[in-house]
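Novice: Once you've had a glance at the structure underneath, I'll fire off some questions.
The values are calculated or read from the model by the stated rules, or taken from the named source; none is laboratory data. Since the model is a prediction, treat every value here as computed from it, not as a measurement. Here the Cβ positions follow ideal geometry from the backbone for every residue, glycine too, while neighbour counts run over all protein chains shown.
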Amino acid sequence: MKLYGYFRSSAAYRVRIALNLKGLAYESESVHLMKDGGQQFKDNYLALNPTALVPTLVDGDLTVGQSMAIVEYLEEAYPEPALLPADAAGRARVRAIAQSIACDIHPLNNLRVLKYLKHKLKVSEEDKNDWYRHWIAVGLASVEAMLADHPDTGRYCHGDQPTMADLCLVPQLFNARRFECDVTAFPTILRIAQACSGLQAFVQAEPANQPDSEG
C-alpha cells in the first residue's frame, strides 16, 4: 500500500490517521505542492490522479484519490477497527461532522484557492489571511455547535472511540493554529483534539513526523 501526499496537506493527514488507526502498513510517497512548480502537476503524478490533488492511495491494483473516498474505502476493505458507528443514525452523524469539515471548511482554504486569491486576484497577504481566518471561524463554530452538549458526543466526536469525524477535525484544527486563528471559542473541539493527541495513531500522522516534513 502506498500513500502519495504532502506532509502539510490536511487531506493527506486525514488518511494517515485512518491508516494508523486501522494498523495498516503503507509507504509514503511525497508530492511536494510547492516545489518544481508543484509536483502534483507532473505527468507521472497526473497519470495516477488527474485532479492534481493529494492524497492518492494505491492498494494493489486499486488507485483512488479524494481523502474521504479513500477513508470510506479503507472502512469497507479493512473494517476493523471501525471508523463509523454500528448504527445508521450514528454513521449519519459522524459523516455529517466529517463532511462539514471536508466539504464546507477545507475547500475554501485549500492551497490552490489561497494561491488564486494572492496571484490572480492580487489580494494582499493580510486580506488573504483574513479570508482564511474568517472561514475557519465560521466553519469551526458550526462544528462546535454540532458537538457541544450533544448526547452522543463523548471523549471523541462520537462516543468514546475515534471515528471518521475525529480524523477530519484534528487536521483542520492544525491548519487553524498554523494560520494563527483564534480557536479559544471552541472548547469542545479543543477537548476532543486533546484526547486525540494521546493516541499514537494521531501523533504518528502529524505533519512534523512525516518523512518529507520541513519543520
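Matching residues to (1) within 24 Å of Pro171 (Cα to Cα); (2) within 17 Å of the chain's Cα centre (by Cα); (3) of a type in the set (D, E, K, R):
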{"site": "Gly38", "(1), (2), (3)": "yes, no, no"}
{"site": "Leu46", "(1), (2), (3)": "no, no, no"}
{"site": "Gln66", "(1), (2), (3)": "yes, yes, no"}
{"site": "Ala69", "(1), (2), (3)": "yes, yes, no"}
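Residue-by-condition table, conditions (1) assigned to a loop (DSSP other than H, G, I, E, B); (2) of a type outside the set (A, V, I, L, M, F, W, C):
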{"residue": "Leu48", "(1), (2)": "yes, no"}
{"residue": "Glu72", "(1), (2)": "no, yes"}
{"residue": "Ala96", "(1), (2)": "no, no"}
{"residue": "Ser100", "(1), (2)": "no, yes"}
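Novice: Quick one: Ser67 ticks every box in (1) in the same structural domain as Ala185 (by TED's automatic domain parsing); (2) of a type in the set (Ser, Thr, Tyr); (3) within 19 Å of Arg8 (Cβ to Cβ) bar one, so which box is it?
Specialist: The single condition Ser67 does not satisfy is (1).
Conditions tested, residue by residue: (1) surrounded by 15 or more Cβ atoms within 10 Å (Cβ to Cβ); (2) assigned by TED's automatic domain parsing to the domain that holds Arg16; (3) at pLDDT 95 or above; (4) of a type in the set (Ser, Thr, Tyr).
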{"residue": "Ala102", "(1), (2), (3), (4)": "yes, no, yes, no"}
{"residue": "Glu125", "(1), (2), (3), (4)": "no, no, no, no"}
{"residue": "Val138", "(1), (2), (3), (4)": "no, no, yes, no"}
{"residue": "Leu147", "(1), (2), (3), (4)": "yes, no, yes, no"}
{"residue": "Val170", "(1), (2), (3), (4)": "yes, no, yes, no"}
{"residue": "Thr184", "(1), (2), (3), (4)": "no, no, yes, yes"}
{"residue": "Ala208", "(1), (2), (3), (4)": "no, no, yes, no"}
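Novice: Determine which member of the set His106, His119 is surrounded by 21 or more Cβ atoms within 10 Å (Cβ to Cβ), outside the structural domain of Leu21 (by TED's automatic domain parsing), under 22 Å from Thr51 (Cβ atoms) and modelled with pLDDT under 95.
Specialist: Selected residue: His106, the only one of His106, His119 that is surrounded by 21 or more Cβ atoms within 10 Å (Cβ to Cβ), outside the structural domain of Leu21 (by TED's automatic domain parsing), under 22 Å from Thr51 (Cβ atoms) and modelled with pLDDT under 95.
Novice: Only one of Gln172, Gln204 is within 18 Å of Arg8 (Cβ to Cβ), part of a helix (DSSP H, G or I) and in contact with a Lys or Arg (Cβ under 8 Å, 6 or more places away or on another chain); which?
Specialist: Gln204
Novice: Quick one: would you say Glu27 is surrounded by fewer than 11 Cβ atoms within 10 Å (Cβ to Cβ) and free of Cβ contacts under 8 Å to residues at least 40 places away in the same chain?
Specialist: yes
Novice: Within region 49-70, identify whether any single residue is more than 29 Å from Tyr156 (Cβ to Cβ), crowded, with 19+ Cβ neighbours inside 10 Å and modelled with pLDDT of 95 or more, and answer yes or no.
Specialist: Yes, region 49-70 contains at least one residue that is more than 29 Å from Tyr156 (Cβ to Cβ), crowded, with 19+ Cβ neighbours inside 10 Å and modelled with pLDDT of 95 or more.
Novice: Within region 129-137, is there a residue that is in a helix (DSSP H, G or I) and hydroxyl-bearing (Ser, Thr, Tyr)?
Specialist: Yes: one or more hits.
Novice: Could you grab the pairs with beta carbons closer than 9 Å, sequence gap of 6+ or different chains, first residue in region 90-114 and touching a residue at least 24 places away in the same chain (Cβ under 8 Å), second one part of a helix (DSSP H, G or I) and of a type in the set (Phe, Trp, Tyr)?
Specialist: Close Cβ pairs (under 9 Å, with a partner that is part of a helix (DSSP H, G or I) and of a type in the set (Phe, Trp, Tyr)) amount to Asp104/Trp135; Ile105/Trp135; Leu108/Trp131; Leu108/Tyr132; Leu108/Trp135; Asn109/Trp131; Asn109/Tyr132; Asn109/Trp135.
Novice: Something else now. When the residues of region 80-94 are filtered to those that are outside any helix (DSSP H, G or I) and surrounded by 18 or more Cβ atoms within 10 Å (Cβ to Cβ), which remaining residue is nearest to the chain's Cα centre (by Cα)?
Specialist: Leu83
Novice: Looking only at region 149-189, count how many residues are within 14 Å of Ile105 (Cβ to Cβ) and in contact with an Asp or Glu (Cβ under 8 Å, 6 or more places away or on another chain).
Specialist: Residues flagged as within 14 Å of Ile105 (Cβ to Cβ) and in contact with an Asp or Glu (Cβ under 8 Å, 6 or more places away or on another chain) within region 149-189 amount to 3.
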